[in-house]
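Single-structure report; data block below.
The values are calculated or read from the model by the stated rules, or taken from the named source; none is laboratory data. This one's a predicted model, so the numbers in the text were calculated from it and none came from an experiment. Here Cβ is always computed from backbone atoms with ideal geometry, including for glycine, and neighbour counts include all displayed protein chains.
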Amino acid sequence: MTEVAVVGGGIAGCATAALLAERGAAVTLYEREAIGAGASGRNSGILQHPLDPLLVPLFEASLELYDSLGHGFTMPREPTGAIVLSRDPGALRRDYEDAAAAFPELAPEWLDEAALRRAEPCVAPGLVGYRVADGRPVGPTTATRAWAARAEAAGARLEIGAAARAVPGGVEVGGRRHGADVVVVAAGPWTAEACGLPLPVSPLWGVVAQVRLPSPPRHALEEAGIETLTRPDGGPAELFSLITTADGSAVGSTFSVDEPDPARVAPSVVERAAAYVPALADARIESVRACARPLSADGRPLLGQTAIEGLHVVTGHGAWGMTLAPGSARLVVEALAGEREIPPELAATRF
């Protein structure tokens, strides 16, 4: 039986551990803090089309895996729908036409100001939008914990509170070496550190404020520009989004290279968001959170074999971790089994 060490207890690491264990590998997952302690438990909580043709297969694979995840997780059967908003009709119309041409499966529908207000009365005057058949709000911590439970059910061993790093022939934890035939590092923006390799993955910090609205929107709402988050620079410094789940509405989000103080930043995030949904001006912030999204140098995941034999990675998903990580995990697991090859554009060795 193959001995595998997985480093990182986020959505990517837990999904990788589960899928490997279900194939009969002897898996130990090492997590230095807690399951979902990073971006996997602190993001806005939505499964969303990545708007990148190369990443669509990972997205579709993730939806398939979430649909059968179990262990307390239920994926929404249908998208709630997402509305992209702007005050610039000309620019948004171009975005809408580009989306309709590139991704007709999303069935984009143009909404002038009147149609937008009919679809979502909560939005501010002066906005236009387009609606896409996209967006499945989910609780990120619920999803990550479900993957951890599935890994344990398949026989994986979870070592929580154990900071591990890859070494020849296994991992080192607390100064002690633990042997493994294969090591898979899925430690988000700290993957390079855990691998001891100069991988081009760095943190892109985001702040999200959790509120409750008396009449939350039925759709996921987002400011135009979400597609830029797959670019190397991660896009703009801040984009409005409002995602509602049973836990309330997550208002976001920022995109910064420096770690923010979420308590200080969150009020300005909500204040800016109120320009899109005026009811947010009176909303009480129930909690705030910051997460470090792992952004690669070209905005796409780094997957599979590294320059070191037996050392593999699943990282670099940026803002799309919840959306893409299970599909990425399955691709890496199948590559380890010799069943598939990692596309060159996603291979960890492309840099």
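So which residues in the stretch 1-27 are in a loop (DSSP other than H, G, I, E, B) and among the small types (Gly, Ala, Ser)?
Listed by number, the residues that qualify are GLY8, GLY9, GLY10, GLY24, ALA25.
Can you confirm whether GLY318 is within 21 Å of GLY36 (Cα to Cα), in contact with a helix residue (DSSP H, G or I) (Cβ under 8 Å, 6 or more places away or on another chain) and either surrounded by fewer than 22 Cβ atoms within 10 Å (Cβ to Cβ) or touching a residue at least 40 places away in the same chain (Cβ under 8 Å) (or both)?
Judged against the criteria, GLY318 is a match.
Here is a yes/no grid of residues against (1) assigned by TED's automatic domain parsing to the domain that holds VAL270; (2) part of a loop (DSSP other than H, G, I, E, B); (3) crowded, with 19+ Cβ neighbours inside 10 Å; (4) in contact with a Lys or Arg (Cβ under 7 Å, 6 or more places away or on another chain):
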position: ARG94; (1), (2), (3), (4): yes, no, no, no
position: GLU97; (1), (2), (3), (4): yes, no, no, no
position: ALA101; (1), (2), (3), (4): yes, no, no, no
position: TRP110; (1), (2), (3), (4): yes, no, no, no
position: ARG131; (1), (2), (3), (4): yes, no, yes, no
position: ALA143; (1), (2), (3), (4): no, no, yes, no
position: GLU152; (1), (2), (3), (4): no, no, no, no
position: VAL183; (1), (2), (3), (4): no, no, yes, no
position: ALA194; (1), (2), (3), (4): no, no, yes, yes
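For ARG218, which of the numbered conditions (1) surrounded by fewer than 17 Cβ atoms within 10 Å (Cβ to Cβ); (2) under 30 Å from ASP67 (Cβ atoms); (3) modelled with pLDDT of 95 or more; (4) not hydrophobic (A, V, I, L, M, F, W, C) fails to hold?
Going through (1) surrounded by fewer than 17 Cβ atoms within 10 Å (Cβ to Cβ); (2) under 30 Å from ASP67 (Cβ atoms); (3) modelled with pLDDT of 95 or more; (4) not hydrophobic (A, V, I, L, M, F, W, C) one by one, ARG218 breaks only (3).
Every residue, every condition in (1) modelled with pLDDT under 95; (2) assigned to a loop (DSSP other than H, G, I, E, B), yes or no:
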position: PRO236; (1), (2): yes, yes
position: LEU239; (1), (2): yes, no
position: VAL251; (1), (2): no, no
position: ASP258; (1), (2): yes, yes
position: PRO267; (1), (2): no, no
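Among (1) among the hydrophobic types (A, V, I, L, M, F, W, C); (2) farther than 21 Å from GLY321 by Cα; (3) in contact with a strand residue (DSSP E or B) (Cβ under 8 Å, 6 or more places away or on another chain), there is one condition ALA91 misses while meeting the rest; what is its number?
The number of the failed condition is (3).
Run down ASP52, ASP67 and say which single residue is among the acidic types (Asp, Glu) and without any contact (Cβ under 8 Å) to a residue 12 or more places away in the chain.
On inspection, the qualifying residue turns out to be ASP67.
Going residue by residue through the stretch 129-147, is there one that turns out to be of a type in the set (A, V, I, L, M) and more than 24 Å from the chain's Cα centre (by Cα)?
Scanning the stretch 129-147 turns up no residue that is of a type in the set (A, V, I, L, M) and more than 24 Å from the chain's Cα centre (by Cα).
Regarding LEU51, is this residue in the same structural domain as ALA329 (by TED's automatic domain parsing), out of contact with any Gly (no Cβ under 9 Å at 6 or more places or on another chain) and surrounded by 15 or more Cβ atoms within 10 Å (Cβ to Cβ)?
yes
Whether any residue in the stretch 294-303 is surrounded by fewer than 24 Cβ atoms within 10 Å (Cβ to Cβ), outside any loop (DSSP other than H, G, I, E, B) and among the hydroxyl-bearing types (Ser, Thr, Tyr) is what I want to check.
The answer is no, given that none of the residues of the stretch 294-303 is surrounded by fewer than 24 Cβ atoms within 10 Å (Cβ to Cβ), outside any loop (DSSP other than H, G, I, E, B) and among the hydroxyl-bearing types (Ser, Thr, Tyr).
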